[in-house]
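Each value in this text was obtained by applying a stated rule to the coordinates, not by laboratory testing. Computed from a predicted structure; not experimentally measured.
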Amino acid sequence: MSEVTELIAAMRAGTMSLDQVAARFRERTWPEPARPDPQTESEIAARAMDDPDPYISGSFDDVLLAYDKGELTPAEYEVLANAAADSINADRADQ
């Protein structure tokens, strides 16, 4: 179980609030995707024909999976997605 899935489980169990989980999402470092984002139209087209990126435990993939399994409401997903984005954007600004 990754930190992300543990945090979501704690929220579901009522031992952490959505705000507490979102705060932790803003503090943590998120793994980079396996491949860089495509930059050109030909790269985008080539990526569309490739297999999807592999699942990365401890990444935002865990949040997506929890949402797909119905463990997060749309409102909870939005809060957590924004918190993760804040962290990722801060990390990129520091580089």
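I56's amide H: which non-local residues (gap 5+, or another chain) put their own amide H closer than 5 Å, with H modeled 1.01 Å from N in plane and none for Pro or chain starts?
The list, which skips near neighbours in sequence, is D61.
Please list, in chain and number order, the residues 5+ apart from M16 or on another chain whose amide H is under 5 Å from its amide H, with Hs placed from the backbone.
M11
Taking 0.36 nm per residue of separation and subtracting the Cα-Cα distance, what length does fully extending D68 through A45 add? Don't jump to the answer; show the numbers that get you there.
Values: separation 23, 0.36 × 23 = 8.28 nm, distance 2.62 nm.
Additional length available on full extension: 5.7 nm.
Can you tell me which of A22, A46, A84 moves the most in a GNM of the chain? Springs connect C-alpha atoms under 10 Å apart.
The residue with the greatest mean-square fluctuation here is A46.
Gaussian network model of the chain, Cα springs within a sub-10 Å range: biggest mean-square fluctuation belongs to which of E32, E76, E41?
E41
Using a Gaussian network model of the chain whose springs link C-alpha atoms within less than 10 Å, name the residue from A83, A13, A48 with the highest mean-square fluctuation.
In the Gaussian network model the winner is A48.
Working from the pairwise distances between different alpha carbons, so that the mean of 1/r is found and then inverted, what is the chain's Kirkwood radius in Å?
14.5
Quick one: Karplus J couplings for the stretch 83-93, per residue in order, coefficients 6.51, -1.76, 1.60, θ = phi - 60°, nearest Hz, x for Gly and Pro?
Result, rounded to whole Hz: 5, 5, 4, 4, 5, 4, 5, 5, 4, 5, 5.
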